[in-house]
1. If the Cβ limit is 8 Å and pairs must be 6+ apart or interchain, which residue in region 21-43 that is closer than 20 Å to Thr10 by Cβ and free of Cβ contacts under 8 Å to residues at least 24 places away in the same chain pairs with which residue that is among the aliphatic types (A, V, I, L, M) and surrounded by 11 or more Cβ atoms within 10 Å (Cβ to Cβ)?
2. Out of region 1-24, which residues are over 30 Å from the mean Cα position of the chain (by Cα) and of a type outside the set (Val, Ile, Thr)?
3. Within region 13-26, count every residue that is more than 15 Å from Phe40 (Cβ to Cβ), surrounded by 10 or more Cβ atoms within 10 Å (Cβ to Cβ) and of a type in the set (S, T, N, Q).
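Read-outs throughout are calculated quantities, based only on the coordinates presented, and are distinct from any laboratory measurement. Because the structure is predicted, anything quoted here is derived from the model rather than measured. Reconstructed Cβ throughout: ideal geometry from the backbone, glycine too, with neighbour counts over all protein chains shown.
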Amino acid sequence: MPTYEYECQTCQQRTEAVQKFSDPALTTCESCGGPLRKVFSAVGIVFKGSGFYKNDSRSTNSSATPPSSTPSAAPAATPATPAPSSPAPTASTGSSD
């Protein structure tokens, strides 16, 4: 069952309540009788193991790498065509003496 946090609109006291999804929300503060509202905060979830990244289901021949844990700057743009290389030397089959 999830734990919900409520804050009183009158005295700003915070209260936690373990409730089912189907239970009605709390409406009155136990301390002063003022109105309560639900407080929403970030959920602490950690995904461990394989299967959580987009490229985990691809074959192992893929050149994709898993995302790093630290944010980085956008990669520099690379040209669409490879840079020209020097011509390969030709092999000569006969000798000229």
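1. Cβ pairs passing all conditions: Ala25/Leu36; Leu26/Ala17; Leu26/Leu36; Thr27/Leu36; Thr28/Leu36; Cys29/Leu36.
2. Cys8, Gln9, Cys11, Gln12, Gln13, Asp23, Pro24
3. Counting residues in region 13-26 that are more than 15 Å from Phe40 (Cβ to Cβ), surrounded by 10 or more Cβ atoms within 10 Å (Cβ to Cβ) and of a type in the set (S, T, N, Q) gives 1.
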